[in-house]
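Okay, so here's the structure we're looking at.
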């Protein structure tokens, strides 16, 4: 045997020994450290794994959505299920052997260490995935095995739960905000209501005073003109108040239209003539062109007059002296189309959509500001919409005038002529008792009625008024509802009870809400007048009452 | 410092043959990972081969039992069968300590 041959034999022996050692080792370990063997089959190697009795639990753990882990006593990951793999976006090989604390947000690490040291308990924390995304989780720990014990963790994804909680919180916040907004809105309505009441009273007094001066004061040019100015401005104030209140009420759906078939041409004519003098005084010409045929719409006459009036006011405000305003009405198919056109300052194209917004006014030209509250057009649109119609603004741009087009559906119902002439202002002298706490209002109304031929006595509070009425029953009692102490409702109730049907009861209020009207009617009043009123109005209503009586 | 580690930038290339996630395989992997971190200072790569998925790969390294660890680098190739829980035996098998 050569040296080379000996060496080869030695190597072969050495290799054989190594193989034997491996085989022996494998056999030794089958009992202890291995749980699968490889057998050479006809179709290649086949793997036989030892199926443990805990296989069903294993399957459950692998299939569950939650993460499940076994940690070594030192807190390293010993095993994790597929759920945890998915949560952290890593395969098992990338998880095993790493410290568990590396998988939670830095701030939460001390908490997790405390939990692991305790070996049992719960913790809400944030899991960090391989790509840096974070996931809110709930971790439950329990001890497992001997000493030192392994720790089992179950990790639950809280993302959806947190999202739900956030949604609920947002919803609650929105609800609170809405409730707050509604409360604020109610407060605003109450304030507007009170404001109108408080402002109507003085306006009424001013108008009454002017009326008295008309009868008793100087009839020379100067004083007459000044009275005219005062009257006009007071009416204007009253109208602003009315618009303000109307906008609020339309917004709340509190305006009830009293619609009936009416001739829109007649309404346009009335409203235009009402405004003619005001427009012409401003040096602007007004032309009205109406169709000869009746244009019937289902409308509330008062509200439509108000609508057209507001459009005319608007046109007048933004048109300089020398300009023109034209109103036209025509029926196009089943639509009544009314146009109010002016030669005024016009509207920027980008502003056309906004001019119907509340309190909006062209601010771009401060020099041309024409005052007003910026509510007229808002009210116009709301009233038109209440009538089932639409409104549109058009302009060729600044300096080229504006046009407003109102479209209302035409009705087929026959239009009745309901324009009522004002009742004649001569009435038989009646004995009137006026109960009003405001001295100015009391004096003006009584003076006005006396000038119209009535016999008036006055009381400044409810108790005195009732006493006087019982001692010497008058024909008519006019009661201010807003009396201090015994209020007007109570006074009316007691008078009706004591004097029966022979006395006429007139209520004066600053409120004109439907519920106020209902309350006044239920209390037993015959007539409800909303301030500001002038003595002529009161007398007209008193006369109407009588006419109704005798018919 | 162990003899092998002293060689400096020696890259360790290890293969662990497993059969799915049996308890012994998981134990073996956890033990191996810990040992590598402790003894090899990051200069290692572990390739896990699941023979349940690819049984034909058993032939290459002549795998008989699972789990089995194979040291591919540094040469010579070494094989250690079992879950590697006997650290002393593993260190000897990987030439990381001199056999007494």
Practice problem: Taking only the range A:94-104 into account, find how many residues are more than 11 Å from every other protein chain (Cβ to nearest Cβ) and either surrounded by fewer than 15 Cβ atoms within 10 Å (Cβ to Cβ) or part of a helix (DSSP H, G or I) (or both). | Solution: 4
Quiz item: From the list A:198, A:182, which one is assigned to a helix (DSSP H, G or I) and without any contact (Cβ under 8 Å) to a residue 60 or more places away in the chain?
Solution: A:182
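In the list A:116, A:112, which residue meets the criterion of being away from chain B (no Cβ under 14 Å), free of Cβ contacts under 8 Å to residues at least 60 places away in the same chain, over 51 Å from the mean Cα position of the chain (by Cα) and surrounded by 18 or more Cβ atoms within 10 Å (Cβ to Cβ)?
A:116
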Practice problem: Working only within the range A:57-93, note down all residues that are part of a loop (DSSP other than H, G, I, E, B), within 11 Å of chain B (Cβ to nearest Cβ) and closer than 21 Å to residue A:120 by Cα. | Solution: A:72, A:74, A:81
Quiz item: Failed condition for residue A:283, given (1) at positive phi; (2) crowded, with 21+ Cβ neighbours inside 10 Å, with all others met?
Solution: (2)
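Taking residue A:321, is it out of contact with any helix residue (DSSP H, G or I) (no Cβ under 8 Å at 6 or more places or on another chain) and more than 17 Å from residue A:377 (Cα to Cα)?
yes
Listed here are the residues, each with its yes/no results for (1) modelled with pLDDT under 85; (2) on the phi > 0 side of the Ramachandran plot; (3) surrounded by fewer than 18 Cβ atoms within 10 Å (Cβ to Cβ); (4) touching a strand residue (DSSP E or B) at 6+ places or on another chain (Cβ under 8 Å).
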position	(1), (2), (3), (4)
A:340	no, no, no, yes
A:349	yes, no, yes, yes
A:355	yes, no, no, yes
A:359	yes, yes, yes, no
A:366	yes, no, yes, no
A:374	yes, yes, yes, no
A:380	no, no, no, yes
A:394	no, no, yes, yes
Quiz item: Taking the condition at the interface with chain A (Cβ under 10 Å from one of its Cβ atoms), in contact with a helix residue (DSSP H, G or I) (Cβ under 9 Å, 6 or more places away or on another chain) and either outside any loop (DSSP other than H, G, I, E, B) or at pLDDT 80 or above (or both), does residue B:69 pass?
Solution: no
Quiz prompt | Count of the range A:319-332 residues which are on the phi > 0 side of the Ramachandran plot and in contact with a strand residue (DSSP E or B) (Cβ under 8 Å, 6 or more places away or on another chain) | solution = 0
Self-check item: Single condition residue A:291 does not satisfy, out of (1) part of a helix (DSSP H, G or I); (2) touching a helix residue (DSSP H, G or I) at 6+ places or on another chain (Cβ under 9 Å); (3) touching a residue at least 12 places away in the same chain (Cβ under 8 Å)
Solution: (1)
Exercise. Report yes if some residue within the range A:30-48 is in a helix (DSSP H, G or I), at pLDDT below 70 and either more than 9 Å from chain B (Cβ to nearest Cβ) or closer than 25 Å to residue B:78 by Cβ (or both); otherwise report no.
Key: yes
Exercise. Specify the residue that is nearest to the other protein chains (Cβ to nearest Cβ); the eligible residues are those in the range B:34-47 that are surrounded by fewer than 18 Cβ atoms within 10 Å (Cβ to Cβ) and not in a strand (DSSP E or B).
Key: B:37
Exercise. Return the residue satisfying two criteria in turn: it lies in the range A:446-467 and is assigned to a helix (DSSP H, G or I) and in contact with a strand residue (DSSP E or B) (Cβ under 6 Å, 6 or more places away or on another chain), and of such residues it is modelled with the highest pLDDT.
Key: A:465
Quiz prompt | Subset of the range B:79-100 [touching a residue at least 12 places away in the same chain (Cβ under 8 Å) and within 10 Å of chain A (Cβ to nearest Cβ)] | solution = B:79, B:80, B:81, B:82, B:83, B:84, B:85, B:93
Quiz item: Restricted to the range A:521-551, and to residues that are more than 25 Å from residue A:212 (Cα to Cα) and at pLDDT 80 or above, which residue is surrounded by the most Cβ atoms within 10 Å (Cβ to Cβ)?
Solution: A:525
Practice problem: Look through the range B:48-60, keep the residues that are modelled with pLDDT of 85 or more and more than 9 Å from chain A (Cβ to nearest Cβ), and return whichever of them is farthest from residue B:32 (Cα to Cα). | Solution: B:50
Quiz prompt | The listed residue being surrounded by 20 or more Cβ atoms within 10 Å (Cβ to Cβ), in contact (Cβ under 8 Å) with a residue 60 or more places away in the chain and within 35 Å of the chain's Cα centre (by Cα), out of A:268, A:250, A:205 | solution = A:268
Quiz item: Residues of the range B:2-18 being touching a helix residue (DSSP H, G or I) at 6+ places or on another chain (Cβ under 8 Å) and either under 12 Å from residue A:93 (Cα atoms) or at pLDDT 85 or above (or both), which ones?
Solution: B:12, B:14, B:16, B:17, B:18
Quiz item: Before we move on, is residue A:65 in contact with a helix residue (DSSP H, G or I) (Cβ under 8 Å, 6 or more places away or on another chain) and more than 18 Å from residue B:29 (Cβ to Cβ)?
Solution: yes
Exercise. May I ask you to verify whether residue A:53 is more than 60 Å from the chain's Cα centre (by Cα) and either facing chain B (nearest Cβ under 10 Å) or at pLDDT 80 or above (or both)?
Key: no
Exercise. State all residues of the range A:476-534 that are in contact (Cβ under 8 Å) with a residue 40 or more places away in the chain and assigned to a helix (DSSP H, G or I); if no residue qualifies, say none.
Key: A:488, A:491, A:514
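The values are calculated or read from the model by the stated rules, or taken from the named source; none is laboratory data. Since the structure is predicted, the reported quantities are computational estimates derived from the model, not experimental observations. Neighbour counts run over all protein chains shown; Cβ positions are idealised from the backbone, glycine included.
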